[in-house]
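Asks: Mind having a look at this structure? Questions to follow.
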Amino acid sequence: MERGIRRYCVGDLVFGLELSAPYSFMEYSEPVMERIRSAAAGILAPVLPTRAGDEVPTRTFVRSRDELTPETTSFSVDLSQYEPFRTGDGTGEELFCLRVAPDFPLPDPSEETLIFDVTDTLPSYRACSRGEETVFRFLTASGSTAAVLTISADFSSGIFIPVAREGHLPPGKAFLFYLNMALMVMYTYNASLLGALLVHASVICHGEGAHLFLGKSGTGKSTHSRLWLENVEGSGLLNDDNPVLRFVDGKLWVYGTPWSGKTPCYRNTSRRVSSIVNLSQAPFNAVRPVKGIPAYSFLLSSVSSVRWDRKVMDSLTSVLSRIAMEVPCYRMDCLPDADAAMTCCRVVESNESNEQ
């Protein structure tokens, strides 16, 4: 069966993706390639964070059917959000490789033992053990299985199996949502062991550094980032949902990724972390520094992790403890107004200047 393989580098960690026929990597027209080249160079994209209630934009660099090439078929998979991170064969050892294999037999559910299930997010999924393997079943809104991910015992390889309906495989566009989730799961498993963490946050670049905004779903992370963009001169969006954190030469850095939630911001760039701010809605604007256990607590709740694997949790705990003690962390009570952004900027950047 015909196959194609591409490699990507996210957070300075390389992984591979293999597609088997009938699926293939989409080829891109020049307007799309121009956006990809710009994002690959880390150039600021003309995109604002998508807030709750906003119309959700297209999540790839292909903006209309008019931008598709003549070679595009229904089984062409639009992975343009990954293209800014594409790398060659000689750029480091692969962290993992995920193979999309429509011909692979589906695992028997009776052989699986439930680890946990998630029903309050999209896509819903179940994580199970099967011998030494881990199996993720991604579910449709009606609860049927849309795709299955099996992960090897050492996390280094995965098989992604799109589920056929009435004898027909889903087109590339239909399973891309689940494929993105599978790649994030594989990345989380492997990167955590190397001290690189995928965190749920919106990230603003300002000057030479970056500020991460954390908080519970619906708190207003994207809204707060947008307020910075509109009111703090020189600010730019690095990522709006799932950046990567890791220490490099004793300093914490944040990296753009192919995963940015509803906001199509896929910049291949990185910045030293200046501050991490945990947001809470309030009828006033106030910022206060936190350290140690309080900082560790809100950091832990925002990190994607494999909490049932002891090796992963040991690594994650070590990194989060270091962040909580060494990196400026804050709690902010805030309104969704311009003063919130100005107040946050004034406090965190004045504290940064005092520490330098």
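The values are calculated or read from the model by the stated rules, or taken from the named source; none is laboratory data. Everything numeric here is computed off the predicted structure, so don't read it as measured data. Here the Cβ is made from the backbone with ideal geometry for all residues, glycine too, and neighbour counts use every protein chain on show. With ligands, DNA and RNA removed, areas are computed over all heavy atoms of the protein, side chains included. Shrake-Rupley method; radii C 1.70, N 1.55, O 1.52, S 1.80 Å.
Asks: May I ask you to list the lysines whose Cα is less than 30 Å away from that of residue 311, ignoring any residue fewer than eight positions away on the same chain?
Replies: Answer for residue 311, where 30 Å is the Cα cut-off: 216, 251, 291, listed by chain and number.
Asks: Right, here's the next one. What residue among 50, 113, 188 has the largest mean-square fluctuation in a Gaussian network model of the chain, using Cα springs under 10 Å?
Replies: 113
Asks: Next up: Ratio of Rg to Rh for the stretch 123-268, alpha carbon only, Kirkwood?
Replies: 1.04
Asks: Can you pull the Rg over Rh of the chain, Cα-only, Kirkwood?
Replies: 0.97
Asks: Would you mind pulling out the separation of the Cα centroids of the stretch 247-281 and the stretch 118-172, in Å?
Replies: If we compute the Cα centre of each part, the gap is 28 Å.
Asks: Using a 1.4 Å probe over the heavy atoms of the protein chains, calculate the carbon and sulfur portion of the accessible area of the chain as a whole percent.
Replies: Within the chain, the accessible surface is 51 percent carbon and sulfur.
Asks: Shifting gears a bit: Could you give the length gained by full extension between residue 121 and residue 229, i.e. 0.36 nm per residue of separation minus their alpha carbon distance, to one decimal place? Could you put the intermediate results ahead of the total?
Replies: On the way: separation 108, 0.36 × 108 = 38.88 nm, distance 2.83 nm.
Contour length minus the Cα-Cα distance gives 36.1 nm.
Asks: Put a dot 7 Å past each Cα toward the Cβ at residue 55 and residue 321; how far apart are the dots in nm?
Replies: 5.0 nm
Asks: Quick one: pull the percentage of alpha-carbon pairs in the stretch 1-148 with a separation above 21 Å. It would help to have the intermediate numbers written out before the result.
Replies: Values: 6629 of 10878 pairs.
Summing the P(r) of the stretch 1-148 above 21 Å gives 61 percent of all pairs.
Asks: Just the number please: accessible area per residue for the chain, 1.4 Å probe, all protein chains included, in Å².
Replies: Values: 16120 Å² over 356 residues.
I get 45 Å² per residue for this part.
Asks: Once you wrap a convex hull around the alpha carbon atoms of the stretch 75-151, what is its projected area averaged over all directions, in nm²?
Replies: 7.4 nm²
Asks: For the stretch 151-246, what's the relative contact order in percent, using C-alpha pairs closer than 8 Å and at least 6 residues apart?
Replies: Relative contact order, the stretch 151-246: 26 percent.
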